Amino acid sequence: MSAPSLEKIYNDYYGKVKGYIMARVRRRAEAEDIASDVFEKIVRKIDDFDEQKASVSTWVFTITRNTLIDHYRRTKPSEELDENLADETELDEELLSSETLSELADALQHMPEQLRAIVVMRYYDGKPLTEIAKIMDLSYGAVKLRHQNALDMLRRSMHPLDE
């Protein structure tokens, strides 16, 4: 049997591939770039596809997983994180203006206590992450990562259908 058409693969899998990537990188532009890389590899490797070895979906998601691994290796931070870096990913005005405060409160209630405490200290009390790290007796890096996780949880909770 011949290889599946590229158009069919794209139509059947682009949304799934992008969703899979979005769940791991959480930035739309970055996910779109990685998804483009995935489909570029699919185009280059379509002649190597062997239906005797794997289904189309297995083949596509293996390429997706490997592309994500390559992405993480290329972008792996090698230095101490800068506190100002969080400004790009903090709660943006769209999040606060498009959702009611009750929805935000509900999303916060569903967060683990430690993550909720970081969000409250950062945005309600206006404390910098370095001070929050001292208060919580955690390293700055740990607070930085938990802060990012908390923001990602809020975004997913308040915008579950965004792609």
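Each reported figure results from applying straightforward, stated rules to the coordinates on display, with no laboratory input. Just so we're clear, the structure is a prediction, and the values are computed from it rather than from any experiment. Cβ sites come from the backbone with ideal geometry, for glycine too, and all protein chains shown count toward neighbours.
Shape summary: the stretch 6-75 maps onto an equivalent ellipsoid whose semi-axes, from the alpha-carbon gyration tensor, are 20, 13, 10 Å in decreasing order. Taking the number of Cβ atoms within 10 Å of each Cβ as an exposure proxy, the fewest-first ranking of His147, His71 is His71, His147. Scaled against 2.2 N^0.38 Å for its residue count N, the alpha carbon radius of gyration of the stretch 34-76 is 1.20.
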